[in-house]
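Since the structure comes first, as structure tokens, the remarks are kept for the end.
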Amino acid sequence: MSAKGKDESLLQRIADMMAEGLETQTEPFPETEKEFGAILTELRQLPSDDLRSKLVISGFVDHPYGPEQQRCLECMYYLVHRKWCDLPELSVPVEPHWWCRLWRI
């Protein structure tokens, strides 16, 4: 399977988990670098293949979030042409209208 095919397969797996009602930790949103760093530390402690826990801890949702309707598309870690979250602790394919609490601009 090509890298693009693997990305699409993983993207579908993530979408399916969220569509099935995966409950994630959208709050508290990390307001400080210390809080942001604590979430990253928690993610680093996971086995690299523990996708479900990555999604739960990072607070992924399959829709825009918050009063400003933030979404991956506006996040500094989002790679538009690949539909990918480039934050090393996540490093997963994402749809532009999704969101997680590690969102940064």
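Bear in mind that the values in this text are calculations on the coordinates, not laboratory data. Everything numeric here is computed off the predicted structure, so don't read it as measured data. Backbone-built Cβ (ideal geometry, glycine too); neighbour counts: all protein chains shown.
I need the per residue convex hull volume for the range 44-105, using only the alpha carbons, in cubic angstrom as a whole number.
Values: hull volume 4.6 nm³, N = 62.
Expressed per residue, the convex hull around the Cα atoms of the range 44-105 is 75 Å³.
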### For Tyr78, distant residues with modelled amide H under 5 Å away
Asp86
### Spin-label zone in the range 54-92 - amide nitrogen under 17 Å from a point set 7 Å from the Cα of Ala38 along the C-beta vector
57-59
### Task
Give, rounded to the nearest 20 debye, the magnitude of the charge dipole that the range 3-93 has about its Cα centre when Lys and Arg contribute +1 at Cβ and Asp and Glu contribute -1 at Cβ.
380 debye
### Task
Per DSSP H run of n ≥ 4, the term is -39500 (n - 2.57); total these for the chain, divide by its residue number, and report the mean residue ellipticity at 222 nm rounded to 500 deg cm²/dmol.
-11000 deg cm²/dmol
## Note on the structure
Once the dipole of the range 3-93 is set up from charges on Cβ (+1 Lys and Arg, -1 Asp and Glu), the residue from the list Ile57, Phe36, Ile14 lying farthest towards its positive end is Ile14
### Task
Run through every distinct alpha carbon pair of the chain and return the Kirkwood hydrodynamic radius in angstroms, one decimal place.
13.8 Å
